[in-house]
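The values are calculated or read from the model by the stated rules, or taken from the named source; none is laboratory data. Since we're looking at a predicted model, the values are computed, not measured. All Cβ positions, glycine included, derive from the backbone under ideal geometry; neighbour counts span all protein chains shown.
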Amino acid sequence: MNYKEILKNEEVKALMKKGNDNLGVMGYTDHSEKHCAIVAKRAGEILQEFGCSEHEIELAQIAGVLHDIGNAINRKNHAEYGGLLAYSVLEKMEVPLEDRVIIASAIGNHDESTGGAVDVVSAALILADKTDVRRNRVRNKDKSTFDKHDRVNYAVTRATVKINPEKKQISLNLQIDEKICTMYEYFEIFLGRMLMCRQAAETLGARFKLTANGSKVL
């Protein structure tokens, strides 16, 4: 099943919208269909570059589409809720049992507070999700009322992800406006996610490299 077909599913769209609306009320950055589509596409690209099978690529893309639907239930434990909801949705779509289990497991393990990469599908999901750093994910347009999370995300003026299978390396290169937030503030928020990316890259037999303003950080 193509991940773009799942994006059109009415139940998926409703869960995605409610989850994103909930997070908007709570002051979180954008977790909309756009974010999920970016994560799905990038997860597939990562596995493709590392020579994984077409089937594994498809599973990672589906996990990318569905990974945040648990926010419709609650932000806390959203990964676990998301895994359960995804299993149910995919069962209705008659996705094979083994595939449902792999996808649900990847989603259930994508949050840095409780999870970690357990296979190549979950590794790709983690890397794709945590590297989606964009200024336009900040929903609050009033800079005078930015909280720390808003400042940290808005401070990223450019973010590029490079996948180099020959060097067995995945790189996230950031340009951060230090007039908006300090490096300390940035890594206070993002260090846990970046360490999770390192472990995920290792699951793919690669290493994760992070540079900020031209300097290697991780």
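Are any of the residues in segment 15-34 free of Cβ contacts under 8 Å to residues at least 12 places away in the same chain and at positive phi? Within segment 15-34 (the criterion being free of Cβ contacts under 8 Å to residues at least 12 places away in the same chain and at positive phi), the answer is no, since none of the residues qualifies. Would segment 171-188 turn up any residue that is touching an Asp or Glu at 6+ places or on another chain (Cβ under 9 Å), hydroxyl-bearing (Ser, Thr, Tyr) and under 12 Å from residue 127 (Cβ atoms)? No: segment 171-188 contains no residue that is touching an Asp or Glu at 6+ places or on another chain (Cβ under 9 Å), hydroxyl-bearing (Ser, Thr, Tyr) and under 12 Å from residue 127 (Cβ atoms). Within segment 174-218, restricting attention to residues that are part of a loop (DSSP other than H, G, I, E, B) and crowded, with 20+ Cβ neighbours inside 10 Å, the residue that is farthest from the chain's Cα centre (by Cα) is 181. Give all pairs with beta carbons closer than 8 Å in which a residue from segment 189-218 that is in contact (Cβ under 8 Å) with a residue 40 or more places away in the chain meets a residue that is part of a strand (DSSP E or B) and exposed (fewer than 14 other Cβ atoms within 10 Å of the Cβ); count only pairs at least 6 apart in sequence or on separate chains. From residues that are in contact (Cβ under 8 Å) with a residue 40 or more places away in the chain, the pairs are 209/216. For segment 123-138, the criterion of being assigned to a loop (DSSP other than H, G, I, E, B) and surrounded by fewer than 16 Cβ atoms within 10 Å (Cβ to Cβ) is met by no residue. Residue 171 satisfies every condition listed in (1) on the phi < 0 side of the Ramachandran plot; (2) assigned to a loop (DSSP other than H, G, I, E, B) except (2).
Scanning segment 60-67 for residues that are at pLDDT 95 or above, part of a helix (DSSP H, G or I) and more than 14 Å from residue 2 (Cβ to Cβ) turns up nothing. In segment 151-167, the qualifying residues are those that are free of Cβ contacts under 8 Å to residues at least 60 places away in the same chain and surrounded by 14 or more Cβ atoms within 10 Å (Cβ to Cβ), and the one that is nearest to residue 206 (Cα to Cα) is 159.
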